[in-house]
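This report refers to the structure that appears directly beneath it.
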Amino acid sequence: MPDPTPQPPQQPAVDVLVVGGGPTGLTLACDLARRGVRTHVIEAGDQLLPGSRGKSLQSRTLEAFDDLGVADALRAAGSPFPPMQTWRDGERQGEWQLILPDPEAPVSRHPRPWLVPQWRTQDILRDRLLDLGGTLECGARLTSLTQAATHVTAEVTHSDGDRRRMSALYLVGADGSHSTVRESLGIAMKGEESGLRSAVVADVRVEGLDRDHWHIWPDPAGELLLCPLPGASDFQLNAKITGEEFTATPETVRSLVAGRTHLTSDAVTEVRWFSFYRPRTAMAERFRQGRVFLAGDAAHVHPPGGGQGLNIGVQDAYNLGWKLGQVIGCRAPDTLLDSYDAERRAAAADTLDLSTRLYRAGREPQDADEQARYRGRVCHLLSVHYRDSELSTDLRERRSATGHQAGDRAPDLPCVTTEGPCGSLFDLLRSPDFTLLTVNCAPPPEAAGLRTHQVTGGPLAQELGTGLFLIRPDQHIGLAADNSEHLSRYLARVGLRGAGM
């Protein structure tokens with residue numbers, strides 16, 4: 001019999017303990033590991049969460065994954081979303097697009113959402129984490145945590161009953177909407193939304209449907225959709241439920257298909273995974289408490305409208321990863337970490353409102369064009385900015401109110417540098433480091449030792465104008481200035497005060 005007595009903690013064996021092995025936790029762990037931060041992920045389940053769940057990767061998320069080195073694998077594993085196909089009384093009523101491109105969207109090499117089952121996204125992130133030297137442990141559940149001035153101690157219970165204590169400099173709760181980390185901290189969720197209809201999601205195998213369309217059956221009881229999943233023979237089923245009395249089983253999933261479509265229950269040859277959920281809209285009162293942080297669904301719970309939940313969680317991780325890296329590896333002041341809560345709470349609040357509106361609207365074909373245009377304008381997340389953040393400093397005398405400002409995502413445009421033409425700014429930025437762009441001016445002495453590119457022309461130079469632009473590791477503009485007067489001060493704030501500065 002295993003000894004249930006937790007073993008005493010050792011000196012911190014890892015820098016960051018990530019609780020939760022979903023897309024948010026794995027993204028954060030990858031970002032930390034590539035910075036040389038000792039990172040360990042624990043996942044309560046005996047394996048990573050199954051099912052297609054969050055299957056939509058938005059443009060901004062794909063940019064983050066590109067920077068982390070997994071975009072090519074995800075593109076190979078996925079596909080564009082197929083057109084919607086409406087059915088009534090067993091007859092096709094025509095196809096339409098759920099999302100139309102936004103002609104005014106910021107330029108991105110990933111202009112449209114990409115369809116990848118969540119289980120496959122997790123597998124790709126897991127493999128990347130292990131390649132980077134991070135570690136993942138399944139069947140390990142957080143039981144409790146305590147904080148000290150210099151570290152966090154976590155009690156971890158394994159599926160065989162064994163318990164041990166782990167110590168880390170920081171801990172991040174990415175353990176979902178029923179977060180043990182959040183409950184351990186006593187942080188309340190605010191803004192609970194009522195009146196959103198419950199739903200069933202399942203991965204099924206179905207005979208009698210083509211795999212070239214995302215099939216939808218409007219029904220007074222609630223729409224039912226079947227979306228073909230790339231890289232598998234499965235369809236993801238989504239169905240809204242009227243009333244609260246419903247138990248999800250393979251049999252009830254088959255009954256939904258038979259009751260709302262022209263297919264028989266026997267057409268569902270296999271129900272591979274299923275889940276019943278009651279959508280909520282809520283956000284944690286705070287995302288940081290001492291040395292512990294909340295990210296993803298642990299910090300904010302979204303209804304599945306617009307496919308935003310997974311994506312906003314990945315963006316949480318992409319924002320927090322570089323900040324932890326600067327504090328742990330570069331001795332940046334701990335106050336840098338306060339900007340995580342300030343920046344991501346505002347972004348999450350906007351996305352919660354969007355997700356709720358889209359979930360209520362559903363996917364009604366009678367307003368297809370209007371809905372598709374609206375979703376195309378708002379779902380890509382390319383326009384999320386941190387202009388109000390203390391980390392966003394714009395000191396230019398001449399700047400356009402409609403142009404790029406400090407806090408904005410940098411424009412991914414072609415440019416010409418002293419090294420030659422570059423097809424895309426993000427090709428220059430792909431790294432875990434800050435990058436200084438000197439546009440139509442020479443690098444100042446204060447930039448010594450800093451990763452720097454001298455931009456001499458091209459669309460990027462035209463868009464930004466002359467000046468110095470310090471780009472954060474998450475591709476947002478941190479500092480925009482006409483000269484280097486304030487550069488050293490900004491660098492000190494983020495832990496880049498090194499030799500020659």
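Brief remarks on what is shown
- Flag if LEU337 is more than 18 Å from the chain's Cα centre (by Cα), at pLDDT 95 or above and surrounded by fewer than 23 Cβ atoms within 10 Å (Cβ to Cβ): yes
- Any hit, region 50-69, residues being crowded, with 20+ Cβ neighbours inside 10 Å, touching a Lys or Arg at 6+ places or on another chain (Cβ under 6 Å) and among the aliphatic types (A, V, I, L, M): no
- Scanning region 202-237 for residues that are free of Cβ contacts under 8 Å to residues at least 60 places away in the same chain and not in a loop (DSSP other than H, G, I, E, B), we see that the one that is surrounded by the most Cβ atoms within 10 Å (Cβ to Cβ) is LEU226.
- Answer from ALA199, ALA248 - the residue that is outside any loop (DSSP other than H, G, I, E, B), modelled with pLDDT under 95 and under 29 Å from LEU26 (Cα atoms): ALA199
- For region 165-183, the criterion of a residue being at pLDDT below 95, of a type outside the set (A, V, I, L, M), over 26 Å from ARG35 (Cα atoms) and not assigned by TED's automatic domain parsing to the domain that holds PRO228 is satisfied by at least one position.
- The number of residues in region 388-402 that are in a loop (DSSP other than H, G, I, E, B) and surrounded by 13 or more Cβ atoms within 10 Å (Cβ to Cβ) comes to 7.
- Test: GLN85 is out of contact with any Gly (no Cβ under 9 Å at 6 or more places or on another chain) and farther than 19 Å from ILE312 by Cβ: no
- Filtered by the rule that a residue be among the basic types (Lys, Arg) and under 22 Å from the mean Cα position of the chain (by Cα), region 394-414 gives a lone residue, ARG409.
- Strands (runs of 3 or more DSSP E) lying entirely in region 44-158 (those with 1 or more residues that are at pLDDT 95 or above and in contact with a Phe, Trp or Tyr (Cβ under 6 Å, 6 or more places away or on another chain)): 84-88
- Residue in region 476-487 that is farther than 30 Å from ASP72 by Cα and charged (D, E, K, R) present: yes
- Sole residue being out of contact with any strand residue (DSSP E or B) (no Cβ under 8 Å at 6 or more places or on another chain) and within 30 Å of ARG164 (Cα to Cα), chosen from ASP15, ASP67, ASP31: ASP31
- Just one residue in the set ALA258, ALA221, ALA299, ALA295 is more than 30 Å from ASP350 (Cβ to Cβ), of a type in the set (Gly, Ala, Ser), at pLDDT 95 or above and in contact with a strand residue (DSSP E or B) (Cβ under 9 Å, 6 or more places away or on another chain); that residue is ALA258.
- Residue within region 173-185 that is at positive phi and crowded, with 20+ Cβ neighbours inside 10 Å present: yes
- Candidates THR356, THR351 - the one that is out of contact with any strand residue (DSSP E or B) (no Cβ under 8 Å at 6 or more places or on another chain) and either closer than 25 Å to ILE124 by Cβ or modelled with pLDDT under 95 (or both): THR356
- Residue count for region 67-118, restricted to those that are out of contact with any Cys (no Cβ under 9 Å at 6 or more places or on another chain) and on the phi > 0 side of the Ramachandran plot: 3
- Pair list, Cβ < 7 Å and 6+ apart or interchain, from region 126-140 residues that are farther than 25 Å from ARG163 by Cβ to residues that are in a helix (DSSP H, G or I) and at pLDDT 95 or above: ARG128/CYS30; ARG128/LEU68; LEU132/CYS30; LEU132/ALA33; GLY133/ALA33
- Test result for GLN47, within 17 Å of ALA317 (Cβ to Cβ) and either in the same structural domain as ASP316 (by TED's automatic domain parsing) or without any contact (Cβ under 8 Å) to a residue 60 or more places away in the chain (or both): no
The values are calculated or read from the model by the stated rules, or taken from the named source; none is laboratory data. Everything numeric here is computed off the predicted structure, so don't read it as measured data. All Cβ positions, even for glycine, are placed from backbone atoms using ideal geometry, and neighbour counts span all protein chains on display.
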